[in-house]
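Below you'll find the structure, written out as C-alpha cells, and then a few comments.
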Amino acid sequence: MSTISIIFTALFYISLFIFIVGMGRKIYQFSITPAPLKIPTAPTPLTQTGVVFRMIREVTLFESLFRSNKWIWLFGFLFHFGLLLVLIRHLRYFIPGDLPEIFLLIQPFKYAAFLMVIGLSGLLVRRIFVPRIRYISAPSDYLMLLMLLVIGISGAVMTFTSNHTDVIMVKNFASGLLTFDWSNLPTETHFLVHLFLVFVLLAIFPISKLLHVPGIFFSPTRNQVDNARKKRHISAWALKQEKEHTVKLDQTLGEDK
Amino acid sequence: MAAKEFDIPKLPTYIEIPELKPGIMQGEGPFKSIDEFQKPLGFPGEKVDNWKEVAIEKIGDLKSKYRSVQVFLDSCVKCGACTDKCHYFLGSSDPKNMPVARQDLFRSVYRRYFTFAGKHFPKLVGAKDLDDEMIDDWYNYFHQCSQCRRCSVFCPYGIDTAEISMAAREVLDTIGIGQKYCNQILGKALTVGNNLGLPEPALKDTLLDLEEEVEEDFGAPVKYPLDQKGAEILLITPSADFFAEPHIDGLIGYGKVFYQDGVTWTLSSYASEGANFGMFIGSYDIMRKAALRIRKAALDL
Ligand code: HEM
Ligand code: HEM
Ligand code: SF4
Ligand code: SF4
C-alpha cells in the first residue's frame, strides 16, 4: 500500500474511534442526567404516542423551526435533506459486493448534492449578512458551514465534472476499511480533500454543535409527556432528598445540610 | 360617561424586528440582596472570596442534576431562529437579550471550563473566562428574562432559556450575589406565609372588610373564612388577591362560587401564597420548601 493510503486508513480509524467513543460518552451523559422538572412546551402531547409523533415531526420536518423562521427552515431543510440523500447514496462505497436493489432507486439522486450546497450557501449568507445571526456566530460556526461546503463541492466536482475519480477503487478502499481488507485509494487532490474533511467532521462531531443530533432526542421540552397532574414526576436525586428529609420545612430559615 | 382618551400605540400586524443596539441595556441590574435576606435562605450574604471556584463547581453540579441544562448547553447550533422571539429583545434592541445570546453568557463559560474545544481553543468556539465583567453581565441580563419560555417554543430543539436563567440565578445566589426582590419575598413567604408579609391579623381584617363589602354590593352573606379547621377546600391564591386591583376581584369571585356551591372552604394564614418564587431563583430546594408549607397547612386544617 502507498504511504498516503496508509495515512488515510489510519486517519479513518482514529476519527471513527473518536466519533464512537465521544458520542457514546455524550449519549451516556445525556441519558444518566435526570430531568427533575416537567417542562414540555406547548402544544404539549398528552400521551407517549403523542411525544413520538412530535419527535418524528421535529426530526423529519423541523416543525418548530418552520414556525419560527421560514428562511432558516428552507435552507436548513434543503441542506439536511440533501445530506440524507447523499449519505444514502454513499452506502454503495461501503457495502461490499453488489448493492441490494433498493439502493439502485436512490442512485439517480446525485443532484441531492445541489440541494445540500444551496442550503449551506443560504445558511452561510444569512450568517454573514443578518446582523442578529452574525452577532451570535463564533468562528467555528462559519468554519463548520465552510467545511461542509468544501466536502459537498469537492464531491460534486467528482460527480458532475470530468474530474471523476476511480469509484471502483474508492469502493474497494472504503468497503475494505469495514472488512479490514485494506487497499489503495485514488490520490486526486479533491478526493483527498473530500475524505480528509469527512474524517475531521467525524472527529469533531462529539465536541461541537453537531451534538444537536443526539440533543434533540434528549430535549426535555420536546420529549416529555404533559401528564404532571396524572402521574408524579420526580427525579432520583429529588426523591433521595425527600426520603432523607434533607429539605426540611421547620428549617425554612437556616441552612440545610 | 365617556372613556378617557388614551394614546395607545398601534399593534402592527407583523412585529418589527429592531436593529441591534449593543449595550443599551447594560447596567447594574436590579437591586442586590443583602445579608439579612440571603442568610435565611442559606446563601452567603455577600460575594464570596473564591467566587470563581464556587461558581464553576456549582455549574458542574447543576448540569449533572438537570438534563435540560446539559443538553441545552451542548445542542444549540446558533441557527438564529430564536433571535427575534424574546419580548425583552424586541422592546430593548439589546442583542444580549436575544435568547441565544442570553444563553451564550452561560454557554461560553461552560465551554471554557467543561469542554475540550473551549479549554484548548476558546477563541474558535467563543468560550470565555468567568471574570467580574462576565458575572456582572450574568446578573444584569439573566434578570432581564421573565422565564416565559416563549423562545423554547420556537427553537428547533426546544432549548429553553428559562432553564438557563434559573441555573444562572442559582449560581449567582450560591456565590452570594442574590437579587433583593426575590429573596426578600421568599424570606417572607417562608416565615410569615405569603410574599407580601401579611400576618394573620392583617389577613383576617382584610377578609372581614371584604365580607362586608360583598354583602353590601350583592346582598348575600358570602364568607371569606380563614384557618377554618375541617373545611372541604383549602384555597391557595397569590397574595396579590388580598389587596391589589383587579386581583381582588378574583378572590371575591372565588368566594361567590363557593357560596353558591355551598361547599365549606378556607384560606390559611400559615400558607396564604400561591406564587412560588423559588422557581424564579432556580432553587429546587427552596421551591420545595415553599410548597411544603402548603402541604403542612392542608394537613393541619
Ligand atoms: C437527526 C438528524 C438531524 C436533525 C433533526 C437536524 C436538525 C437540525 C436543525 C433543525 C438545524 C437548525 C436549522 C439549520 O440551521 O439548518 C440544524 C443545523 C445544523 N445541522 Fe443538523 N440535524 C440533523 C443531522 C445533522 C447531521 C448528521 C449533520 C452533520 C453534518 C448536521 C449538521 C448541521 C449543521 C452544521 C447545522 C448548522 C447550520 C448553520 O450553521 O446554520 N445535522 N440541524
Ligand atoms: C469515507 C467517507 C466518504 C467517501 C469515501 C466519499 C467518497 C466520495 C466519492 C468517491 C464521490 C464521487 C462520486 C462520483 O464520482 O460519482 C463523492 C461524492 C460526494 N460526496 Fe462523498 N465521500 C465520503 C463521505 C461524504 C460525506 C460524509 C459527505 C457529506 C457531508 C459527502 C458528500 C458528498 C457529495 C455531496 C458528493 C457529490 C454528490 C454525490 O455523488 O452524491 N461525502 N464522495
Ligand atoms: S433557536 Fe435554538 S438552536 Fe437556534 S440559535 Fe436559538 S437556542 Fe440555538
Ligand atoms: S424565556 Fe427569557 S429569553 Fe426566552 S423569550 Fe422569555 S424572557 Fe426571553
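Note on region A:3-256: dipole from Cβ charges, positive end direction compared against A:197, A:159, A:32; the farthest Cα belongs to A:32. By the rule of a C-alpha distance below 19 Å, with chain neighbours fewer than 8 residues away ignored, the aspartates and glutamates paired with residue A:243 are A:255, A:256, B:285.
Shape verdict for region B:187-300, please, from the Cα gyration tensor: rounded (a/c under 1.5), prolate (a/b greater than b/c) or oblate. It comes out prolate by the Cα gyration axes. Using only alpha-carbon positions in region B:1-122, the gyration tensor eigenvalues give semi-axes of 35, 24, 13 Å once each is multiplied by 5 and square-rooted (largest first).
Diagonalising the gyration tensor over the Cα atoms of chain A and scaling each eigenvalue by 5 before taking the square root yields semi-axes of 43, 23, 19 Å, largest first. Seen from residue B:50, the other residues with C-beta closer than 15 Å to its C-beta sum to a net charge of -3, counting Lys and Arg as +1 and Asp and Glu as -1. Computed over neighbours whose Cβ is under 14 Å from that of residue B:198, the net charge equals -4, Lys and Arg +1, Asp and Glu -1.
Between the alpha-carbon centres of region B:265-301 and region A:40-102 there is a gap of 44 Å. Remark: A:103, A:53, A:77 ranked as A:53, A:103, A:77, counting other beta-carbon atoms within 10 Å and listing the fewest first.
Once you compute Rg and the Kirkwood Rh from C-alpha atoms, what is the Rg to Rh ratio for chain B?
Here Rg/Rh amounts to 1.05.
Using r as the Cβ-Cβ distance of residue A:4 and residue B:121, and R0 as 35 Å, what FRET efficiency do you calculate, to the nearest 0.05? Rounded to the nearest 0.05, the efficiency is 0.80. Computed per residue of the protein assembly as shown from DSSP H runs no shorter than four, each worth -39500 (n - 2.57), the mean residue ellipticity at 222 nm is -18000 deg cm²/dmol.
Taking other residues whose beta carbon is less than 15 angstrom from the beta carbon of residue B:75, and scoring Lys, Arg as +1 and Asp, Glu as -1, yields +2. Here's how it looks for residue B:148: its modeled amide H is under 5 Å from none belonging to a residue 5 or more places away or on a different chain. Here the simple spin-label model places points 7 Å from the Cα toward Cβ, and for residue B:226 and residue B:148 these points are separated by 3.5 nm. Scoring B:235-247, B:80-92 by mean Cβ neighbours within 10 Å over their residues and listing the highest first yields B:80-92, B:235-247.
For the options B:216, B:53, B:28, a Gaussian network treatment of chain B with springs between C-alpha atoms closer than 10 Å singles out B:216 as fluctuating the most. When the C-alpha to C-alpha distance is required to be over 26 Å, the pairs from A:230/B:39; A:240/B:128; B:47/B:96; A:70/A:209; B:85/B:119 that qualify are A:230/B:39; A:240/B:128; B:85/B:119.
Restricting to Cα atoms and excluding each atom paired with itself, what does the Kirkwood estimate give for the protein assembly as shown in Å?
One over the average 1/r among Cα pairs gives 27.2 Å for the protein assembly as shown.
Coordinate-derived values only; no laboratory data. Everything numeric here is computed off the predicted structure, so don't read it as measured data. Cβ sites come from the backbone with ideal geometry, for glycine too, and all protein chains shown count toward neighbours.
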